[in-house]
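Data block below; observations after.
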Amino acid sequence: MAEVTISIDDSAPRRMLAGAPKGMDRAMRAASNDATALLLKELKTYPPQRSGSTYRRTGTLRRSWSRSIEGEGLQMRAIVGSNSNMAPYNRAVQDEDRQRSIFRGRWTNTAQNVVRRNQTTVQEMYASRFRQELGG
């Protein structure tokens, strides 16, 4: 019986696999940046002021919100948070579980509601960034 030799050029898949960790890191970082920017924008948005109100808003709660991205690759962690040292009342305004009655119904961009509202969009951001980096 004759010997048959089959040669396969696997250089392209090898390059892809070698670059996959860097691609995953880039995809995670880009998507985390996209997602935290979106959530931060919404969390910093104040509802319209009550008509006839003489209260002058200081913008402190808006300034208390920030974002950070820590770690690498699939261990990356994106954080959006409000500094309670700067705005100690933040939970009374924007935490659905602790929100005071004066803010209910008017201040609808609680942390929980912003996450719920944007869940599908954020998932699509991650999927899109991974497709861009890794194909598919």
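A short reminder: the numbers here are calculations on the coordinates, not readings from a lab. Only a predicted model underlies this, so the values are computations on that prediction, with no experimental measurement involved. Please note: Cβ atoms are built from the backbone with ideal geometry, for glycine as well, and neighbour counts cover all protein chains shown.
Mind computing the radius of gyration and Dmax over the alpha-carbon atoms of segment 96-136? Å is fine for both.
Rg and Dmax of segment 96-136, Cα atoms, are 15.8, 49 Å.
How high is the relative contact order of segment 88-136? Use alpha-carbon pairs under 8 Å, at least six apart in sequence, and give a whole percent.
Details: 21 pairs, mean separation 12.4, N = 49.
Relative contact order comes out at 25 percent.
Using a Förster radius of 25 Å, what is the FRET efficiency between Ser53 and Tyr89 based on their Cβ-Cβ separation? Nearest 0.05, please.
My answer for the efficiency is 0.90.
Please compute the length gained on full extension between Glu70 and Gln119, using 0.36 nm multiplied by the number of residues separating them and subtracting their Cα-Cα distance.
15.6 nm
Note down the Stokes-Einstein diffusion coefficient of segment 56-121 in µm²/s, whole number, using a Kirkwood radius over alpha carbon pairs, 10 °C, and 1.306 mPa s.
Reported coefficient: 119 µm²/s.
Rounded to the nearest whole Å³, what is the per residue volume of the convex hull around the Cα atoms of segment 20-95?
86
Per residue of segment 66-75, what does 6.51 cos²θ - 1.76 cosθ + 1.60 with θ = phi - 60° give for ³J(HN,Hα)? Whole Hz please, x for Gly and Pro, Karplus curve as stated.
After applying 6.51 cos²θ - 1.76 cosθ + 1.60, I find 8, 9, 8, 10, 10, x, 9, x, 6, 8 Hz.
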